[in-house]
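Colleague: Sending over a structure as C-alpha cells; questions will come in a sec.
The values are calculated or read from the model by the stated rules, or taken from the named source; none is laboratory data. Note that the coordinates shown come from a computational prediction; the quantities given were computed from them, not determined experimentally. Cβ: placed from backbone, ideal geometry, glycine included. Neighbour counts: every protein chain shown.
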Amino acid sequence: MALSEEATPADLEMVERILVALRDPEGSDELRRVHACGVGAAGWFEASPVAADYCVARHFALYDNPALDRAGDRFRDPAAAGRPKPKRTPVTVRFSNGSGAKARRDGWSDVRGMATRFHLDDGSETDLIAMTLRSLFAPTAQTFLKFSSAAVAKACSRQPWWRKLLDLLRLTPPMPDPYVGQRIRGNEGAIAFAKRAGNDYCRTPLFLATLIGAPTSYLRAAYHAAHTFVVTGADGTRRWVRFDWQPIDGVLNLNPLDPRATPSDPPRDPLDPPHDYLRAAMIERLAQAPARFSLMMTLGETGDAFDDCARPWPPHRVRIEMGTLTLDRVLSDAEQLEKCELMRFNPWRLTPGIEPSDDPLLRVRRDAYEIGSARRIAARGRKAGPGAACPFSGG
Amino acid sequence: MADDRGWLDRFVDGLPEQAWFKFLSTYVVVPFWAWRIPTPKLKGGPRPSPQPSENVQRMMNLVMPLKDTTPIGRAKAALAIAQNVDQIFSGLDNVGTVHFARFIIIENNICMISVYDGDFSNYIRDFVVTIGGLFDDVLDHVEGGDVLRPTTQNVDKVIDWIHAHDLFQAPDFPTDFFLLQDAAKGLPQDDRAHDIRLLPRALILQMRANPSLSLGGGYRAYPGFSAAQVRQKLGVGT
C-alpha cells in the first residue's frame, strides 16, 4: 500500500501530530506506537454458507469453484459424501497488548488487539484490524489528536488516603493504585479530558476501557473492528456493516483480585499480575487442539453512526455469521519478527467486495499505519518501502 | 512483594468491605447525595426509536405487587393464571406480535415477562382486547388493580399503569445514563460536562429511584426479525 493519493499536506501533518501524541515514553522506535508487544499465530478462515450472499470478497466464497456454490449443497453436513470441501483462506494473526511500552505487561488491564491478514487465493491480501473495545476513543482526526494529547502517559502514584476517603464519600471509586513497576499512565489525563463539555464522544469507550481487565488468553477475548465498512452482496446490494470476532472458547478474564495466569500458580497480588503468560497460554492451548473464532458481521441501519467509530452500534442489529477462523499454531520467534513485527497491517487494506465507509478516522489510520510502519521497519535497518520518508520533507 | 502502604492507606482501602462503613454509606452517604442530587425515577419500557431493529423483539418486564403476599395469596394468583391458560395462548396467538410471554411469581410480585414487536401502547391495547378477562382476574390479586377493572373499559388507564410498572431498561452503553438522567430532569440534551468517575454514583442514585431495573437490552439469537418474519421463514404461519 501507499499513502492515500488524496491525502493533503495538512492531512499528513495531522497524521504526524497524532504519531507524536501516541509516542510512549517507554516505547521504542523499532516497535509500534501502540500495541507494541504482540504474539503471532497462523491458521485459516472458512466462510459460512451464507457469507457470499452478503459479501463477494474472495475469502467469503464457500468453495474454490463458484459453480459448486449451490444453495442445496451449502447446508449439507460438511462430512457428507459428495459435498466438496469448503475453501480455506490462509491467515496470519497478530494478537497484541494495547500499550506502546516495549516491556510486556500481559496481566495489566489493557485493550488487546487482533490484526488478521487474509492471504487470498489470487495472491492479494486483505486485513481486518480489531480490538477488545467496541469503539475507538474519538471519531475524527482532530478529536483523536485532542484525546491522544490529553491521554499522554504521565507520572503516576498512589492516591493519598484522604483523597481516597473523599472519593468514597462522593460514592466514587478511588483511582486504582498503580501496578508494581508502573511509573506512568494516561488514565488521569484521559478522564479529565472526557469530563469537559464537548468531549462526550470519548466517554463510552473510556469508561469501558477502565473496566476492561486482562484476558486469560488472547484466544479468550472478543475483538471488534470498530470502523464501518461497505460490503457488496452477490445480488449487488451494498450494506454498511461492522465486524466482530467471537471466541469459540468463550471470553474469560483473569480474576482481578487474584490474577494468577493458571489455576496451579500461587496466589498473586492484584497489583502484581504476571507479565508474560499470554504467548505460553496460546502455545499450550493450540498444542491441545486448534482454537476458533466466529466472524460476525452486524448490519447497520439508517440512523446508526456509519462514520463515527467512537459510537458503538446497539446490540440489536441483524447479525450475520460470516465464517470461522481456525488457528493451529503460534509463530516461531523468527516468524514472529518477519510475519508480525515487520508486517504492515492496515485497516484500509481491503479487497473487492469490501469498501471503506466515510469514517474519517479510517482514512487517517490508513496513512498513520503506513507512515508509522515504514519508520518502524526503517529503524530496524530494513528496507522501509514507500511511506518511509517524512511527509514534510518534500521527497 | 512488600506492602509499602501506611496504616491509613490500608485502613481506607479496606473501608468498602467494612460493615460499619457499608451501614454509614447506605443510611447516611447515599441519602445525602440523593438529597443533594435529586434523581427522578426513570420510566419503564423500551424508549421510542425510529430504527427498525429497535422496534422488534422489545422487552416487557411487568412487575405487579400482590395484595396478599402470604403463601395462600400467592397460590391464588398462580391459580388465576393456571385457570386461563387457553385464554392466554389463544389471545397471544391473536395478538400476533409476541415472541415469548410468561407469568412468574417472584416473592411478593406477579410478573409478566414478554418479548413483542411494535409499539408498546398498541401491544397493551391488543393484549387487553384479546385477554382482558384474564387480566381482570390477575388484577384482582394485585395492589392498585381494582381501579383498572374491567380493563376493557379502562384501556388508557391500563396502559399508563403497565408503563409505570414495567421495569426501567438501563441503556446498552453505560454513559448514556447521563443523558437519560439529564432528560428526566428537564436539562438540555446538548453535550454537557460529565465525569465518568461519577457514573457509579449516578447508577447508585438511579437504583435508589428505580429499585428494580432491566440491565441493557439483552441478548437476541436472531436480532432484527419480527415474530411474523420468523414464523413465515420457518413455514409455520404468517
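Colleague: Of all the residues that make up region A:261-291, how many are within 30 Å of A:V231 (Cα to Cα) and buried (at least 18 other Cβ atoms within 10 Å of the Cβ)?
Modeller: So the first thing to find is which residues in region A:261-291 are within 30 Å of A:V231 (Cα to Cα), and the list is A:290-291.
Adding the requirement that they be buried (at least 18 other Cβ atoms within 10 Å of the Cβ) leaves A:291.
Here the count works out to 1.
Colleague: Restricting the first residue to region A:149-178 and requiring it to be at the interface with another protein chain (Cβ under 7 Å from one of its Cβ atoms), which pairs with a second residue that is basic (K, R) meet a Cβ separation below 7 Å and a spacing of at least six or different chains?
Modeller: Between residues of region A:149-178 that are at the interface with another protein chain (Cβ under 7 Å from one of its Cβ atoms) and residues that are basic (K, R), the close pairs are A:R170/B:R201; A:L171/B:R201; A:T172/B:R197; A:T172/B:R201.
Colleague: Next question. Within region A:261-295, which residues are closer than 30 Å to B:N55 by Cβ and away from chain B (no Cβ under 14 Å)? I'd like the intermediate steps shown before the answer.
Modeller: Of all residues in region A:261-295, those closer than 30 Å to B:N55 by Cβ come to A:294-295.
Once the filter is applied, which keeps residues that are closer than 30 Å to B:N55 by Cβ and away from chain B (no Cβ under 14 Å), region A:261-295 yields only A:L295.
Colleague: Follow-up. Say we look at region A:140-182 and pick out the residues that are buried (at least 19 other Cβ atoms within 10 Å of the Cβ) and aromatic (F, W, Y); which of these is farthest from A:D200 (Cα to Cα)?
Modeller: A:W161
Colleague: So, in region B:185-221, exactly how many residues are touching a Lys or Arg at 6+ places or on another chain (Cβ under 8 Å) and either among the hydroxyl-bearing types (S, T, Y) or under 30 Å from B:M64 (Cα atoms) (or both)?
Modeller: Going through region B:185-221 one residue at a time, the tally reaches 3.
Colleague: Of all residues in region A:183-195, count the ones that are more than 10 Å from chain B (Cβ to nearest Cβ), buried (at least 17 other Cβ atoms within 10 Å of the Cβ) and either part of a loop (DSSP other than H, G, I, E, B) or in contact (Cβ under 8 Å) with a residue 40 or more places away in the chain (or both).
Modeller: Residues that pass the stated criteria total 2.
Colleague: Related question: Here are some residues: A:F207, A:F193. Which one is among the aromatic types (F, W, Y) and either modelled with pLDDT under 95 or in contact with a Leu (Cβ under 7 Å, 6 or more places away or on another chain) (or both)? Step through it out loud before you land on a result.
Modeller: Details: A:F193 fails: either modelled with pLDDT under 95 or in contact with a Leu (Cβ under 7 Å, 6 or more places away or on another chain) (or both).
Of the residues listed, the single one that is among the aromatic types (F, W, Y) and either modelled with pLDDT under 95 or in contact with a Leu (Cβ under 7 Å, 6 or more places away or on another chain) (or both) is A:F207.
To keep it simple, each residue is scored yes or no on (1) of a type in the set (A, V, I, L, M, F, W, C); (2) within 30 Å of B:V128 (Cα to Cα); (3) modelled with pLDDT under 95.
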{"site": "B:K22", "(1), (2), (3)": "no, no, no"}
{"site": "B:F32", "(1), (2), (3)": "yes, no, no"}
{"site": "B:V63", "(1), (2), (3)": "yes, yes, no"}
{"site": "B:D68", "(1), (2), (3)": "no, yes, no"}
{"site": "B:G96", "(1), (2), (3)": "no, yes, yes"}
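Colleague: How do the pairs read when you match residues in region B:10-37 that are more than 9 Å from chain A (Cβ to nearest Cβ) with residues anywhere that are surrounded by 10 or more Cβ atoms within 10 Å (Cβ to Cβ), using Cβ under 6 Å and keeping only pairs 6 or more apart or on different chains?
Modeller: B:A34/B:L205; B:A34/B:R208
Colleague: Where the second residue is part of a helix (DSSP H, G or I) and of a type in the set (A, V, I, L, M) and the first is in contact (Cβ under 8 Å) with a residue 24 or more places away in the chain and more than 15 Å from B:H165 (Cα to Cα) and lies in region B:198-213, which pairs have Cβ atoms under 8 Å and are six or more apart or on separate chains?
Modeller: B:I204/B:V30; B:L205/B:V30; B:L205/B:A34; B:R208/B:V30; B:R208/B:A34
Colleague: Continuing with this model, one more query. Assess whether B:D4 counts as being of a type in the set (D, E, K, R), over 26 Å from the mean Cα position of the chain (by Cα), more than 10 Å from chain A (Cβ to nearest Cβ) and not in a strand (DSSP E or B). Reasoning before the result, please.
Modeller: Values: of a type in the set (D, E, K, R): yes; over 26 Å from the mean Cα position of the chain (by Cα): yes; more than 10 Å from chain A (Cβ to nearest Cβ): no; not in a strand (DSSP E or B): yes.
No: the conditions fail for B:D4.
Colleague: Name every residue in region B:1-60 that is of a type in the set (S, T, Y) and either more than 17 Å from B:L203 (Cα to Cα) or surrounded by fewer than 17 Cβ atoms within 10 Å (Cβ to Cβ) (or both), in order of residue number. Explain how you work it out, then say what you get.
Modeller: Initially, region B:1-60 is screened for residues of a type in the set (S, T, Y), giving B:25-27, B:39, B:49, B:53.
Of everything in region B:1-60, those that are of a type in the set (S, T, Y) and either more than 17 Å from B:L203 (Cα to Cα) or surrounded by fewer than 17 Cβ atoms within 10 Å (Cβ to Cβ) (or both) turn out to be B:T26, B:Y27, B:S49, B:S53.
Colleague: Ok, one more. Mind listing whichever residues of region A:88-133 are surrounded by fewer than 21 Cβ atoms within 10 Å (Cβ to Cβ) and among the basic types (K, R)?
Modeller: Selection gives A:R88, A:K102, A:R104, A:R105.
Colleague: Pull up region B:174-186, narrow it to residues that are outside any helix (DSSP H, G or I) and without any contact (Cβ under 8 Å) to a residue 60 or more places away in the chain, then point me to the one that is farthest from the other protein chains (Cβ to nearest Cβ).
Modeller: So in region B:174-186, the residues outside any helix (DSSP H, G or I) come out as B:174-175, B:185-186.
Applying the additional criterion that residues be without any contact (Cβ under 8 Å) to a residue 60 or more places away in the chain yields B:174-175, B:186.
Values: B:P174: 6, B:T175: 4, B:G186: 18 Å.
The qualifying residue farthest from the other protein chains (Cβ to nearest Cβ) is B:G186.
Colleague: Of the residues that sit in region B:208-225 and are more than 11 Å from every other protein chain (Cβ to nearest Cβ) and in contact with a Leu (Cβ under 9 Å, 6 or more places away or on another chain), which one is nearest to B:S49 (Cα to Cα)?
Modeller: Here the answer is B:S214.
Colleague: Can you tell me which residue is farthest from the other protein chains (Cβ to nearest Cβ) among those in region A:296-326 that are free of Cβ contacts under 8 Å to residues at least 60 places away in the same chain and under 12 Å from A:D244 (Cα atoms)?
Modeller: The extreme case among them is A:M296.
Colleague: To continue, here is another question. Here are the criteria: (1) among the charged types (D, E, K, R); (2) surrounded by fewer than 18 Cβ atoms within 10 Å (Cβ to Cβ); (3) touching a residue at least 24 places away in the same chain (Cβ under 8 Å). Tell me which single one A:D333 does not satisfy.
Modeller: (3)
Colleague: Here's something else I'd like to know. Select, from B:F127, B:F103, B:F168, B:F178, the only residue that is modelled with pLDDT under 90 and not polar (S, T, N, Q). Please lay out each step first, then the result.
Modeller: Details: B:F103 fails: modelled with pLDDT under 90; B:F168 fails: modelled with pLDDT under 90; B:F178 fails: modelled with pLDDT under 90.
Only one candidate passes the filter, namely B:F127.
Colleague: Which of the residues spanning region B:38-60 are within 13 Å of another protein chain (Cβ to nearest Cβ) and more than 22 Å from A:G303 (Cβ to Cβ)? It would help to see each step written out before you state the result.
Modeller: Going residue by residue through region B:38-60, those that are within 13 Å of another protein chain (Cβ to nearest Cβ) are B:39, B:46-59.
Within region B:38-60, just B:T39 meets the criteria.
Let's see how each residue does on (1) more than 10 Å from chain A (Cβ to nearest Cβ); (2) under 30 Å from B:I88 (Cβ atoms); (3) assigned to a helix (DSSP H, G or I); (4) not aromatic (F, W, Y):
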| residue | (1), (2), (3), (4) |
| --- | --- |
| B:V129 | yes, yes, yes, yes |
| B:G133 | yes, yes, yes, yes |
| B:D136 | yes, yes, yes, yes |
| B:I159 | yes, yes, yes, yes |
| B:D172 | no, no, no, yes |
| B:P188 | yes, no, no, yes |
| B:R192 | no, no, no, yes |
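Colleague: Exactly one of these conditions fails for A:L219: (1) closer than 30 Å to A:L254 by Cβ; (2) surrounded by fewer than 21 Cβ atoms within 10 Å (Cβ to Cβ); (3) of a type outside the set (S, T, Y). Give me its number.
Modeller: (2)
Colleague: Can you name the residue in region B:216-237 that is within 30 Å of the chain's Cα centre (by Cα) and exposed (fewer than 11 other Cβ atoms within 10 Å of the Cβ) and, of all such residues, is farthest from B:F173 (Cα to Cα)?
Modeller: That would be B:A221.
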